[in-house]
C-alpha cells in the first residue's frame, strides 16, 4: 500500500540523515553458569546505552541460557542464538532448529562463526544454506565472514571473504 511506501521512505530519510545505526553484539561463546549469567544480565540491565534508534544491542548466550536471559534482559536489548541447524528438526542429535528459536521468541542467530567453520568444518555452502533457511523462518542473521591468520598472511583475505559472501548471496533471494 501507499502508506507503507511513504513510511518506508520516511524511515529511510531519517536513517540516512542520522547516519548508520550502530550494532553492538556480545557473543558469550561456550561460557557461563546460571549465577554468572544472572550477574552479567544485571550489569547489562544497569548499563547506560543510547536509544535503539542509535544503537542495536544483541547478546548471544549459550543455548541453555536463552530462556533465562530472555526472561531477565531489558526489553531494548535483543538476543541471538549462537547457531542453528540447516533445516527443520528431526534426527539431528545436539542441533537446534530455526523453528525452535522462533518458538522461544529469539529474534537473532549467529551463523558462519569462524570457530564453527574451522573446528567443525562448516563449508561456505553449508553456511549459505543455513543463512537462507534461518531467514526463511523469519530470523535475523548475523552472518560471519573472515579469513584465518594463515590466509591473511598469504594475502588471500579478499578472495576468502568474497567466496564466503558469494556462497551466502547465491542462496538468499530478496
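The values are calculated or read from the model by the stated rules, or taken from the named source; none is laboratory data. Bear in mind that the values here come from a model prediction, so they are computed numbers and not experimental data. Glycine also receives a Cβ, built like all others from the backbone with ideal geometry; neighbour counts cover every protein chain displayed.
A few remarks follow.
- Number of residues in region 135-161 that are exposed (fewer than 12 other Cβ atoms within 10 Å of the Cβ) and more than 23 Å from residue 84 (Cα to Cα): the value is 5.
- Candidates 24, 58, 109 - the one that is farther than 26 Å from residue 167 by Cβ and in a strand (DSSP E or B): 24
- Residue count for region 101-116, restricted to those that are over 15 Å from residue 61 (Cβ atoms) and surrounded by fewer than 19 Cβ atoms within 10 Å (Cβ to Cβ): 5.
- Residue match in region 104-111 (condition: modelled with pLDDT of 95 or more and farther than 20 Å from residue 144 by Cβ): yes
- Apart from one condition, residue 75 fits all of (1) farther than 30 Å from residue 127 by Cβ; (2) within 18 Å of the chain's Cα centre (by Cα); (3) at pLDDT below 95; the exception is (3).
- Output for region 27-49, where each listed residue is surrounded by 11 or more Cβ atoms within 10 Å (Cβ to Cβ) and outside any helix (DSSP H, G or I): 27, 28, 29, 31, 32, 49
- Hits in region 124-152 - residues which are touching a helix residue (DSSP H, G or I) at 6+ places or on another chain (Cβ under 8 Å) and not in a helix (DSSP H, G or I): 137, 138, 139, 141, 143, 144, 145, 146, 147, 148
- Matching residues in region 50-69 - criterion: being loosely packed, with under 11 Cβ neighbours inside 10 Å and closer than 19 Å to residue 106 by Cα: 64
- Tallying residues that are in contact (Cβ under 8 Å) with a residue 40 or more places away in the chain and assigned to a loop (DSSP other than H, G, I, E, B) within region 61-82 yields 1.
- Of the numbered criteria (1) in a loop (DSSP other than H, G, I, E, B); (2) out of contact with any strand residue (DSSP E or B) (no Cβ under 6 Å at 6 or more places or on another chain); (3) closer than 16 Å to residue 141 by Cα, the one residue 94 fails is (3).
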